[in-house]
Amino acid sequence: MDVVKMSNRSSKYECLLFDMDDTLYPRSCGINLACRKKIEEFMLKYLHIDENEVPQMCLDLYMEYGTTMAGLKALGYEFDNDEFHAYVHATLPYEALKPDPILRNLLLSMPQRKIIFTNADKAHAAQVLQRLDLEDCFEGVICFETLNNNNNPSLESKCKGNGNGTILCKPSIEATQAAIKIADTHPNKTIFFDDSVRNIESGKAAGLHTVIFGTSELIPEADHALGSIHNIKEALPELWEGEEVDDDDQPEQVMEAPVVETMVLA
Ligand SMILES: [Mg+2]
């Protein structure tokens, strides 16, 4: 897919890679917890894993492989990726996600290219972005299907796990490098935002500038720490450097910023 690049007067950063879940909205929304419960249910119901082992195994695989799904595949469990995603996301409390006009205006006012980089599948990503009313704030979405699609020849060299049960996902360095390649950006000109320490570590290892969300505690691999994405302008004013938009009359100008329809990058 051709990636539309917007003109940009700020030369320091050209592209912003955003994690989605627990980054664009707070963890307190409950999506994460509900998702984990559904994964545990799937492990019990369809993979027939011992009930007493499921919770710890779910967590251990998440920690070791980036997602529990990736861990299950690595252990040799066989199931359809789409069916797994459909089951896990079918009853999530999406109604907890409300339109976020503050974040919307912030995103639209940033002159850089903005792309979602998530381990989630495209249906979940679309649902979340629609609920937050942020669908048109991003140039594209790099998601599960982008990194794990067998018929994506441009990624063949990067997606070494395709077809043999291995899932490519954050926090693997290969996944991050693949995202950089798909976004067609230079890591040194790109900022990566994520709420996961491991993902941030991987982003830094790939040469990205990094911002960890959901905490005010800086970690060694993060260039900035930000409790809430709503404070991004105070924490990173350099993102708006070179912009002619005045802070005072920003909202009106913001809404007129050129945007393109969000689509899954492949
Ligand atoms: Mg996250």
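Sort through CYS143, CYS137 and tell me the only one that's modelled with pLDDT of 95 or more and within 15 Å of the ligand (Cβ to nearest atom).
Values: CYS137 fails: within 15 Å of the ligand (Cβ to nearest atom).
Checking each option against the conditions leaves just CYS143.
If GLY214 satisfies every condition in (1) surrounded by fewer than 22 Cβ atoms within 10 Å (Cβ to Cβ); (2) modelled with pLDDT of 95 or more; (3) within 15 Å of the ligand (Cβ to nearest atom); (4) not hydroxyl-bearing (Ser, Thr, Tyr) but one, which is the exception?
(2)
Of the residues in region 49-80, how many are surrounded by fewer than 15 Cβ atoms within 10 Å (Cβ to Cβ) and polar (S, T, N, Q)?
Counting residues in region 49-80 that are surrounded by fewer than 15 Cβ atoms within 10 Å (Cβ to Cβ) and polar (S, T, N, Q) gives 2.
Does LYS189 count as under 17 Å from the mean Cα position of the chain (by Cα) and at pLDDT 95 or above? Working first, answer last.
Numbers: under 17 Å from the mean Cα position of the chain (by Cα): no; at pLDDT 95 or above: yes.
In short, no.
Restricting to region 31-46, count the residues that are within 14 Å of the ligand (Cβ to nearest atom) and either touching a helix residue (DSSP H, G or I) at 6+ places or on another chain (Cβ under 8 Å) or of a type in the set (Phe, Trp, Tyr) (or both). Before you say what the answer is, go through the steps one by one.
We begin by selecting, within region 31-46, every residue within 14 Å of the ligand (Cβ to nearest atom); these are 31-33, 35-36.
When the remaining residues are screened for being either touching a helix residue (DSSP H, G or I) at 6+ places or on another chain (Cβ under 8 Å) or of a type in the set (Phe, Trp, Tyr) (or both), the result is 31, 35-36.
Residues meeting the conditions: 3.
Quick check on region 1-21: of everything there that is among the charged types (D, E, K, R) and modelled with pLDDT of 95 or more, which residue is farthest from the ligand (Cβ to nearest atom)? Steps first, answer last, please.
Of the residues in region 1-21, the ones among the charged types (D, E, K, R) are 2, 5, 9, 12, 14, 19, 21.
Then drop every residue that is not modelled with pLDDT of 95 or more, which leaves 14, 19, 21.
Values: GLU14: 23, ASP19: 4, ASP21: 4 Å.
Selected residue: GLU14.
Please go through region 27-48 and give me each residue that is surrounded by 18 or more Cβ atoms within 10 Å (Cβ to Cβ), free of Cβ contacts under 8 Å to residues at least 60 places away in the same chain and among the hydrophobic types (A, V, I, L, M, F, W, C), ordered by number. Show your work before the answer.
First, pick out the residues of region 27-48 that are surrounded by 18 or more Cβ atoms within 10 Å (Cβ to Cβ): 29, 31, 35, 39-40, 42-43.
From the residues that got through so far, the ones that are free of Cβ contacts under 8 Å to residues at least 60 places away in the same chain too are 35, 39-40, 42-43.
Across region 27-48, the qualifying residues are CYS35, ILE39, PHE42, MET43.
For residues that are in a helix (DSSP H, G or I) and crowded, with 24+ Cβ neighbours inside 10 Å, scanning just region 179-208, find the one that is nearest to the ligand (Cβ to nearest atom).
ASN199
Got at least one residue in region 155-168 being part of a helix (DSSP H, G or I), at pLDDT below 95 and of a type in the set (A, V, I, L, M, F, W, C)? Show your work before the answer.
Step one: filter region 155-168 for residues part of a helix (DSSP H, G or I), giving 155.
Then drop every residue that is not at pLDDT below 95, which leaves 155.
Remaining after also requiring of a type in the set (A, V, I, L, M, F, W, C): 155.
Yes, the conditions are met somewhere in region 155-168.
Take the residues in region 95-120 that are free of Cβ contacts under 8 Å to residues at least 40 places away in the same chain and in contact with a Phe, Trp or Tyr (Cβ under 9 Å, 6 or more places away or on another chain); name whichever of them is surrounded by the most Cβ atoms within 10 Å (Cβ to Cβ). Steps first, answer last, please.
Residues of region 95-120 free of Cβ contacts under 8 Å to residues at least 40 places away in the same chain: 95, 98-99, 101, 104, 107.
After this cut, where a residue has to be in contact with a Phe, Trp or Tyr (Cβ under 9 Å, 6 or more places away or on another chain) as well, the list is 98, 107.
Numbers: LYS98: 11, LEU107: 23.
Among them, the one singled out is LEU107.
Go through (1) within 16 Å of the ligand (Cβ to nearest atom); (2) in contact with a helix residue (DSSP H, G or I) (Cβ under 6 Å, 6 or more places away or on another chain); (3) within 17 Å of HIS89 (Cα to Cα) for TYR65 and report which single condition fails.
(3)
The values are calculated or read from the model by the stated rules, or taken from the named source; none is laboratory data. Quantities reported herein were computed from a predicted structural model and do not represent experimental measurements. For neighbour counting, all protein chains shown are included, and Cβ atoms are generated from backbone atoms with ideal geometry for every residue, glycine included.
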